[in-house]
Amino acid sequence: MIKPQLLFKTLFLSSLFLLEGCSAQSQLIEDELQTVTTENLKYYLYYPEGYEPNDEEGFGLLLFLHGGGESGAELEEIKKNGPPKLLVEGKQFPFLVLAPQNPYRRKWWNTEAIMKLLDSIVETNNVDKKRIYLSGLSRGGSASWELATQYPKKFAALAVVCGMAPLPYAHWINKKMPIWVFHGDRDEVISVEESDKMVAKLKEMNYDVRYTRYKDVGHNSWSKAYTTEELYEWLAEQKRD
């Protein structure tokens, strides 16, 4: 005859093993979570000479994205390169220039946040929506490729300086949007092959693309690219259908 204490112990252990067996079974559940991400973007906004809030034609706007070196620092840092540097030096542009700052030194550009900022600036200023231009250098150049693929009907022209993007992106870019790519052939940060391959792919698909490949120039190809006066004349001529 089994003693009551032994019977209780046997039943307890059997139940425990059964529970452990049930908990070890895999499960597939369906659920949903709504997330909200906010971003604090500081920026500079330049108004060209002759800007009129009520002008019937509206004005073009250049969205400029800086490189990694100016990320996560004081806003003043983005005046070191590209169009913001030229503005400090007294250059006049025929269009507005929007230059936001990436708030994170080690993070990629938040492209969704950039577009929200751009849309806000466009809606609150006299901007011609068919003349919005996009340009960036290094990390900002890579983000420019990304924006051009995510929002193919947004921009009238794209100018990328020493950026990079996966080749499949080429299939998602608006074929009607003219593109100008700049890169130094001795770039040790982002290899010139990144631009070589992308430009070759775009040309293969009959895109309207220019390529300026600087000889004996390293990563700092933006010094030459953004002091090319023809670049801004070219941008100002573009208008999206």
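Short version: ³J(HN,Hα) in whole Hz for each residue of region 39-50, in order, from phi by Karplus 6.51 cos²θ - 1.76 cosθ + 1.60 (θ = phi - 60°), x for Gly and Pro, what are they?
With the stated coefficients, region 39-50 comes to 9, 9, 10, 8, 7, 10, 10, 9, 10, x, 4, x Hz.
Kirkwood hydrodynamic radius (Cα pairs, Å) of region 149-189? Let's see the in-between values first.
Numbers: mean 1/r = 0.0871 Å⁻¹.
After inverting the pairwise mean of 1/r, the radius is 11.5 Å.
Relative to the Cα centre, what is the charge dipole magnitude of region 25-118, using +1 at the beta carbon of each Lys and Arg, -1 at the beta carbon of each Asp and Glu, and rounding to the nearest 20 debye?
Working: 9 positive and 15 negative charges, 125 e Å.
About 600 debye.
What does a probe at ARG105 reach in region 51-85, counting residues whose amide N is under 12 Å from the point 7 Å along Cα→Cβ?
Hits in region 51-85 for ARG105 at 12 Å: 69-74.
Could you state the number of Å between the C-alpha centres of region 105-166 and region 223-241?
Region 223-241 and region 105-166 have Cα centres separated by 15 Å.
Could you pull the accessible area for ASP31 with a 1.4 Å probe, rounded to 10 Å²?
Probe radius 1.4 Å; accessible area of ASP31 about 130 Å².
Hey, can you find the accessible area per residue of the chain for me, probe 1.4 Å, expressed in square angstrom?
Details: 14180 Å² over 241 residues.
Solvent-accessible surface per residue comes out at 59 Å².
Considering all alpha-carbon pairs of region 28-170, what whole percent are spaced by more than 27 angstrom? Intermediate values should be presented prior to the final figure.
On the way: 2322 of 10153 pairs.
I get 23 percent for the Cα pairs in region 28-170 exceeding 27 Å.
How much of the accessible area of region 105-241, in percent, comes from carbon and sulfur atoms when a 1.4 Å probe is used? The partial results should precede the final answer.
Working: 3020 of 6610 Å².
It is 46 percent, rounded to a whole number.
For the chain, what are the per-bin percents of Cα-Cα distances with bins 5 Å wide, up to the bin holding the maximum?
Here the calculated profile for the chain is 1, 6, 12, 16, 16, 14, 8, 4, 3, 2, 2, 2, 2, 2, 2, 2, 2, 1, 1, 0, 0, 0.
Less than 14 Å Cβ to Cβ from MET205, Lys/Arg counted +1 and Asp/Glu -1: what total charge do the surrounding residues give?
Spelling it out: positives minus negatives among the neighbours equals +3.
How much length, in nm to one decimal, is gained on full extension between HIS171 and ASN206, taken as 0.36 nm per residue of separation minus their Cα-Cα distance?
Working: separation 35, 0.36 × 35 = 12.60 nm, distance 1.12 nm.
Net length gain for the segment: 11.5 nm.
Would you mind counting up the charge near ILE179? Only other residues with Cβ under 12 Å from its Cβ, with Lys and Arg at +1 and Asp and Glu at -1.
Details: positive: LYS175, LYS176, LYS201, LYS203, ARG210; negative: ASP208.
With Lys, Arg at +1 and Asp, Glu at -1, the net is +4.
Quick check: net charge around ALA73, other residues with Cβ under 14 Å of its Cβ, Lys/Arg +1 and Asp/Glu -1?
Neighbour charge sum, excluding ALA73 itself: +3.
Ordered by residue, what ³J(HN,Hα) values in Hz, to whole numbers, does region 185-191 give under the Karplus form 6.51 cos²θ - 1.76 cosθ + 1.60, where θ = phi - 60° and Gly and Pro are x?
Result, rounded to whole Hz: 6, 10, 5, 9, 9, 10, 4.
Could you pull out the chymotrypsin sites (Phe, Trp or Tyr not before Pro) across region 67-120 that fall in loop regions by DSSP (anything but H, G, I, E, B) with no more than 15 other Cβ atoms inside 10 Å?
In loop regions of region 67-120 (DSSP not H, G, I, E or B), the sparsely surrounded chymotrypsin sites (Phe, Trp or Tyr not before Pro) are TYR104, TRP108.
222 nm [θ] for the chain, helices only, -39500 (n - 2.57) per DSSP H run of 4+, per residue, to 500? Mind dumping the intermediate values first?
Values: 7 runs with 79 residues, N = 241.
My calculation for the chain gives -10000 deg cm²/dmol from helical runs alone.
Go through region 123-165 and name the trypsin sites (Lys or Arg not before Pro) that are in a DSSP coil and have 16 or fewer other Cβ atoms within 10 Å of their Cβ.
Numbers: sites: LYS129, LYS130, ARG131, ARG139, LYS153, LYS154; in loops: LYS153, LYS154.
Filter output for region 123-165: LYS153.
Once the Cα gyration tensor of region 122-241 is found, what semi-axes does its equivalent ellipsoid get, as square roots of 5 times the eigenvalues, in whole Å, sorted largest first?
Numbers: eigenvalues 104, 54, 31 Å².
The answer is 23, 16, 12 Å, longest axis first.
The values are calculated or read from the model by the stated rules, or taken from the named source; none is laboratory data. On a predicted model such as this, the values are computed, not experimentally measured, just so you know. Neighbour counts are summed over all protein chains in view; Cβ atoms, including those assigned to glycine, are modelled from backbone coordinates with ideal geometry. When the accessible area is computed, the model is the full protein with side chains, heavy atoms only, and any ligands, DNA or RNA have been set aside. Shrake-Rupley method; radii C 1.70, N 1.55, O 1.52, S 1.80 Å.
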